[in-house]
Each structure stands twice: as structure tokens, then as C-alpha cells.
Amino acid sequence: MLEARTLEAHNLACQRGDRTLFSGLTFTLSPGELLQVAGPNGSGKTSLLKILCGISSPIEGEVLWQGKNARKQGEDFRANMLYLGHHNAVKEDLSALENLRIAATLAGEPLGDEQALDALDRIGLLGREYLPAKVLSQGQKRRVTLARLLVSRAPLWILDEPLTALDVKAIDLIQSRLAEHLAAQGMVVLTTHQPIDVPGITPRRLEMGAA
Amino acid sequence: MSKILLAIIHRDLLLAYRRRADVLTTLFFFVIVVSLFPLGVGPEMKTLRLIAPGVVWVAALLASMLSLGRLFSADYQDGTLEQMALAPQPLWTIVLGKITAHWMVSGLPLALMAPVLGLQFDLPPDALTVLVISLLLGTPILSMIGAIGAALTLGLRGGGVLLSLLVLPLYIPVLIFGAGAVEATMVGISPEGHLSLLAAFLIFALLATPFVSAVALRIAME
């Protein structure tokens, strides 16, 4: 991986109604770095992540991927990015296996049955692969979504509250997967209220709502 | 690109299959509305033949509109639509896949059912054939125009009523030429002109509506 991949936020501002959530937000994220976005509820964490991944546009400033405007790069940027929002994007009527395979196909990384089953097995859904998602618990649905992390090859991960509803064992698994991803020169931006402990990595923190 | 198209069609058909009741509701709505007319108007064959094309077509418009609300809203609510918007494929391909699947479960069955319902109105065989052809050409246009309306009203309160106000006027040309083709056949004129215009609408809609719906979806997600 020779090309220097960086994600830069340049002078970002976001407004919801009359309220300015943040302005003048600037940072650069380099390969192997984890940025933890912290702050109280309503401080604009989710809005920031949506701007970074390109769903929303900032009222000011721009997001740069490899030095160029991420939104204008469109598909080239989106192929390098994995976004997991706080909705699970899990279809109640489909099984865990179908959900994972469709989500992976959508992301342009189609999975075979075996790879998908293996990922679900590792994330602790062994024996639940063929059950419709509506009978799974909240935490299990979250795991179906997070199984994407085990198979994704995108260098940039943008994760909104990935650890909610998970038990200790699953949190450990996700944290060690994050460490693996960062060691392979990946980049992670995430929001969480829980303290995060990724082996071998000191997360950078971005405090929101301080302005 | 065609791979993602097929994957989306497959996914939406699978979802529709798991929720068969929703699909059947639309179909039964169509059957019942069309069947009410012979009962209400009376068994006068001449009158029935006269109103048949309009009745079948209006019922088809209403039935295909009933299911439009479901086109994007479920995916919007559970976050799947965000994932679609962030997929490395153009969003219009995904939208086209969703529209195709929507037509296969809500438009195609109507066209296939129409000859049986047409019999209640004493339509002659050649008019029944033209009715099916006109519905086969016209119902995909309804799904495509409807997709724009569904995308524009996404996430709005009372979006269902607004959707019908937005979409029904746009359905008028399809209704005129669809029903017109059948009427023409019954009075002995060739329906070719009407059908050609419907086909032209279809091609135009196919080229334009997926892009427009995709843009509307991106705006709705902002």
C-alpha cells in the first residue's frame, strides 16, 4: 500500500435549524490512526460522521480524500469507505446470512456462503445464521451488522456507536478487529460513549460541543 | 453494474416473497375494484363494454399507487437506504433494480390478471389482447413515475396522501393512451398509434426516472 491515503476535514461547519452544531472543524487522519469523536448527546457526532461519509453536505468547508474533494470523487471514494450508522440496516424478514451477503454485495465485495458463514460464526452467531433477523435480539442484530467489519477490505471505516447493545465478549472481538485493521494501515473514525481500548493504539480524541 | 441490478432485484423479490400478504393485498384490491363496476352498473353489455378500458386502467393506477409507499420507506427507516447511497455503484442502478422488482410484484400481475377481469365486461378477444399489451407497456411507467413521488415524499408525515396528489396527475397521459388503445380496438381502429406512444413514454421514463429518483433520494437523506 504505497499511495498515501488520508482523510482530511477542512473547516467543516454544520447547522441544524438555527443552531450551529460545529464550525471550523479541521483534522487530518492518516493510515493507522483511530479518531474517537466524543461529546454529549446532540453535539453533532452523528452529523459529523454523515458529512464525512458523504450522506450530508456541510454548510461550509469540505472533506478531502487523498487530497481531493470526497463527494466529487463519488464512487471512487465510496469504494474505499465503510459506514455503519446507528441504524442496523438489517432486514427483519431476511436471515442473518442473507443480510450479510446482501450488504456485502451492495458494498461491492460479494461474499460466498462459506465466507459469510465463517464471519457470522466468528462474531458469535453460530446456529443463528438461518433465522430471520426479527427473532434476533438487539445485540444479535448489531452483530449481524458488525460482521461486515470482519470481511470488509475498505481502508476507511466510519462507525457510529458500533459498541452499543454488545456484550463484553463482542466488544473485545470488535476492538481486536479494529487493532488488526489499523495495523494494516486502515483508518477508523468512530463515536462511542464507552471508553475504547484498542490494543497497541492510542486513539486520538475529538471533543464535540466544546465550541 | 448489471450484477448489482440483479442482486437488488433478487433481494426485493425475496423480501416481497417473505411478505406475500402485502403483494396479494394490491392484487385483490385491483380485482375487487374492477369487479364492483359490473355489479354497480348492471348487466347492460353495451355500457359495460364502453366503460371497461377506463375502469380497468383506473383500477390499475390506484392499485399500483397503493404499493408505492413501500418502495423506499422501509429501507429508509432501517438504514439500508444509507448503505445503498454509499455503495460504490451509482445509486440510479440500485433505484432501477428496486423499480423493476416493484413492477414485477405490483404491475406484472395486474397485466396478467386483466384478461380474466375483462371477461366480466364482455370484451372481445382482440380488445383483451390489446388491454394486456397496453398494461404491460404502461404499468412499468407507473412504477417509474411513482418512484420519483415516493422518493420526494420520503420521511414526510402524511406522505401517503401527498404522494397520490403528486403522482396521479402525472399518470394521466398513461391512462389516456392505455385506455385509448383498447377503445380504439373496439371501434375497429388500429391501436398501434396509442401503443407506440406508450412505448415511447416507457423508453423516456426508463432513461430519466432512475436518475431523478436517485437525486430525490439523496436530498431526502440529507
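Coordinate-derived values only; no laboratory data. Just so you know, these numbers come straight off a predicted model, no measurement behind them. Reconstructed Cβ throughout: ideal geometry from the backbone, glycine too, with neighbour counts over all protein chains shown.
Worth pointing out:
- Counting only strands (runs of 3 or more DSSP E) that sit completely within the range A:1-105, those holding 1 or more residues that are without any contact (Cβ under 8 Å) to a residue 12 or more places away in the chain and out of contact with any strand residue (DSSP E or B) (no Cβ under 8 Å at 6 or more places or on another chain) correspond to A:19-29.
- Count of residues meeting criterion [of a type outside the set (G, A, S), within 11 Å of chain A (Cβ to nearest Cβ) and touching a residue at least 12 places away in the same chain (Cβ under 8 Å)] in the range B:16-25: 1
- Failed item, numbered, when B:I8 is tested on (1) away from chain A (no Cβ under 12 Å); (2) buried (at least 17 other Cβ atoms within 10 Å of the Cβ): (1)
- Looking only at the range A:24-54, and only at residues there that are farther than 21 Å from A:G186 by Cβ and within 14 Å of chain B (Cβ to nearest Cβ), the one that is surrounded by the fewest Cβ atoms within 10 Å (Cβ to Cβ): A:T46
- Matching option when the condition is buried (at least 22 other Cβ atoms within 10 Å of the Cβ) and within 14 Å of chain A (Cβ to nearest Cβ), among B:T93, B:T139, B:T80: B:T80
- Answer from B:A179, B:A220, B:A214 - the residue that is within 14 Å of chain A (Cβ to nearest Cβ) and touching a Gly at 6+ places or on another chain (Cβ under 6 Å): B:A220
- For the range B:28-43, the condition of being within 11 Å of chain A (Cβ to nearest Cβ) and either assigned to a helix (DSSP H, G or I) or closer than 20 Å to B:A127 by Cβ (or both) holds for none of the residues.
- Selected residue [closer than 26 Å to A:A79 by Cβ and either touching a Lys or Arg at 6+ places or on another chain (Cβ under 7 Å) or not hydrophobic (A, V, I, L, M, F, W, C) (or both)] from A:P132, A:P110: A:P110
- Qualifying positions in the range B:151-164 - farther than 15 Å from B:A63 by Cα and not basic (K, R): B:A151, B:L152, B:T153, B:L154, B:G155, B:L156, B:G158, B:G159, B:L162
- Test set (1) away from chain A (no Cβ under 14 Å); (2) crowded, with 22+ Cβ neighbours inside 10 Å - B:L202 fails condition number: (2)
- Filtering A:L120, A:L84 for residues that are closer than 26 Å to A:M187 by Cβ and more than 10 Å from chain B (Cβ to nearest Cβ) leaves a single hit, A:L120.
- Residues that are within 11 Å of A:V144 (Cβ to Cβ) and more than 9 Å from chain B (Cβ to nearest Cβ) within the range A:102-117 comprise just one, A:A116.
- Residue in the range B:98-119 that is over 12 Å from the mean Cα position of the chain (by Cα), surrounded by 22 or more Cβ atoms within 10 Å (Cβ to Cβ) and closer than 19 Å to B:A151 by Cα present: yes
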